[in-house]
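What follows draws every value from the coordinates through simple rules; no lab data is involved. Just so you know, these numbers come straight off a predicted model, no measurement behind them. Here the Cβ is made from the backbone with ideal geometry for all residues, glycine too, and neighbour counts use every protein chain on show.
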Amino acid sequence: MVNERTETAVPVVRIDINKDAPAERVRVVSQAVYAAMIEIANVPISDKFQVVTRHSADEIIYPDEGYLGIQYSPDLIIIQVTWVGGRTTDVKKQFYQRIADEIHAKAGIRKEDVWINLVDDGREDWSFGKGEMQYAPKTAVPSLNDKGRMADIPLSPQAKITVERRGEIVLIGVNRPQIYNRFDPDAFFRLAKAYYDFDNDPSLRAAVFFGHGENFSRGIDVDAFVPLAKTGKPFAMKEGMLDPFARSQQLSKPLIAVVHGDTWNMAHELHLVADIRVASADVRFGQDENTHGRFPGGGATIRFLRETGWGNAMRYMLTGDHWGAEEAYRMGVIQEIAPNPAKALEAGIGLARKIAASGPLGIKTTLESAHLSIDESEAAAFGKLNEQFGGLFRTEDFIEGRKAEAEGRQPVYRGK
């Protein structure tokens, strides 16, 4: 019954009720909301912030003919709850029903006259005094430390994006399992910050992008993105970010995507950006925005088409049908299939370690040349080959590679 979240919910409740309502009715409504928060939404007992306002009969306006088949009366109660977002639709439904049932049973108010609005926001959207952002842990946002090193972000209920350094590679995970790892704006921009920090940390050579929980991600958190989408610039980058869709700037280092479970829409597009893709056998891909009155706005109309050919891409984008690991492998979208999510992540990490052991200058140049051939033209890429090839022969890593080969040992590259 209860929501899976364990983090502080930080709710603020506004209750607007008829001014003629007796004090006992106000108490019942207040307690009904509070009890539902604790028992259904897993809100800590200490988090009780409520504001009660009253209105006269002529100060509340609603359609005389009703709304969605529901007729209202002057006893209408309006309840607005603002809390940290992330609860599932089922939890919200249970929350609504519990409040309406409780108020009807204890105050005699018709359930039709209990009007509830939930507002989801982020932990950074609150200040409980002192002008401070009390619920925004400093470790929750990826950042480079004073030595230019990407900071770890451990797995916790507060961390929408996790960062785990493992030597010269880094694991970047999306962590919103309570809503199937869907990306709200905050999670998306934290991912953009993580990509920027990875790309600008000279000690890191490859990244693995994966999802915590039972699914990689079901893509966009549509409701959370509505305000940004209406601006026409839902994914506009700020300083210190690198676009996870790679629309204007590519990562200069290799990115490996490891996917499992549901990998839909925006998530599929983020996965297409990766240089190498590994999937668990249980993966379920989808690019079905057209069935929901939208369209793939994160690059699938370009990358999916480029990776698989016109017919394959249109087969799934236009119908909205989902597909599995074997079909993705047939189309060339994924390069390896592992038997389960743990083995898939293990395979992705193994690939990242192999890449990290290679010469980082050569790796970067390989990516640069390949992207140039796709993003501009083959002629442009061919035009730079001699310069790139000759430049690497003048590096310390080239000398180290030759020396290690002669000595029969593993090279130790320093990116110089």
query: Helix-derived [θ] at 222 nm for the chain: sum -39500 (n - 2.57) over DSSP H runs of at least 4, divide by residue count, nearest 500?
result: -11500 deg cm²/dmol
query: What FRET efficiency do you get for Ala35 and Ser156 if R0 is 30 Å and r is their Cβ-Cβ distance, rounded to the nearest 0.05?
result: 0.60
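Per residue, what volume in Å³ does the Cα convex hull of the range 161-407 take up? Walk me through the numbers on the way to the answer.
Values: hull volume 34.5 nm³, N = 247.
Here the figure is 140 Å³ per residue.
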message: Need one number: nm distance between label points at Asp375 and Glu326, each 7 Å from Cα along Cα→Cβ, rounded to one decimal.
response: 3.8 nm
- prompt: Residues with beta-carbon under 10 Å from that of Val174, excluding Val174: net charge, scoring Lys, Arg +1 and Asp, Glu -1?
  reply: +4
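Fewest to most neighbouring Cβ within 10 Å: what's the order for Ser217, Ser373?
Numbers: Ser217 30, Ser373 15.
Arranged by neighbour count, lowest to highest, Ser217, Ser373 become Ser373, Ser217.
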query: In straight Cα distance, which lysines are under 28 Å from Lys93, not counting same-chain residues fewer than 8 positions off?
result: Lys48, Lys106, Lys111, Lys160, Lys230
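Summing Lys, Arg as +1 and Asp, Glu as -1, what charge do residues with Cβ under 12 Å from the Cβ of Arg414 carry, Arg414 excluded?
On the way: positive: Arg205, Lys416; negative: Glu168, Glu396, Asp397, Glu400.
Charge balance in the 12 Å sphere: -2.
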- request: Taking the dipole about the Cα centre of the chain, with the C-beta of Lys and Arg at +1 and of Asp and Glu at -1, give me whichever of Val258, Gly213, Thr89 is farthest to the positive side.
  value: Val258
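Averaging the inverse of every distinct alpha carbon separation and then flipping it gives the Kirkwood radius. What is it for the chain, in angstrom units? Intermediate values should be presented prior to the final figure.
Values: mean 1/r = 0.0411 Å⁻¹.
It is 24.4 Å.
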task: With a point put 7 Å past each Cα toward its Cβ, work out how far Glu387 is from Glu407 in nm, to one decimal.
output: 3.4 nm
- line: What the Cα atoms of the range 234-348 span along the principal axes, largest first and in whole Å, is 40, 33, 22
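Report, in debye and to the nearest 20, how large the dipole of the range 11-121 comes out about its Cα centre when Lys and Arg carry +1 and Asp and Glu carry -1 on their Cβ. Don't skip to the end; give the middle numbers.
Values: 13 positive and 17 negative charges, 79 e Å.
Once rounded to the nearest 20, the dipole reads 380 debye.
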field: Inter-label distance for Glu24 and Thr231, nm, one decimal - labels placed 7 Å from Cα along Cα-to-Cβ
entry: 5.1 nm
message: Tell me the net charge near Leu76. Cut-off is 14 Å between Cβ atoms, Leu76 excluded, with +1 for each Lys or Arg and -1 for each Asp or Glu.
response: -3
message: How high is the relative contact order of the chain? Use alpha-carbon pairs under 8 Å, at least six apart in sequence, and give a whole percent.
response: 10 percent
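Placing unit charges on C-beta atoms (Lys and Arg positive, Asp and Glu negative, everything else neutral), compute the dipole magnitude of the range 161-407 about its Cα centre in debye, rounded to 20.
Numbers: 28 positive and 34 negative charges, 37 e Å.
Around 180 debye, computed over the range 161-407.
Nearest-5 percent of antiparallel DSSP beta bridges in the chain? Don't jump to the answer; show the numbers that get you there.
Working: 15 of 50 bridges.
Antiparallel: roughly 30 percent of the beta bridges in the chain.
Taking neighbour counts of Cβ atoms within 10 Å as a proxy for exposure, in what order, fewest first, do Thr366, Thr89, Thr162 appear?
Details: Thr366 15, Thr89 9, Thr162 21.
Lowest count first: Thr89, Thr366, Thr162.
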- line: Across 10 Å bins beginning at 0, the whole-percent shares of Cα-Cα pair distances in the range 15-141 come to 11, 39, 32, 15, 4, 0
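Could you work out how much longer the chain between Leu68 and Glu396 gets when fully extended? Use 0.36 nm per residue separation minus the Cα distance between them, nm to one decimal.
Details: separation 328, 0.36 × 328 = 118.08 nm, distance 7.20 nm.
Gain on stretching Leu68 to Glu396: 110.9 nm.
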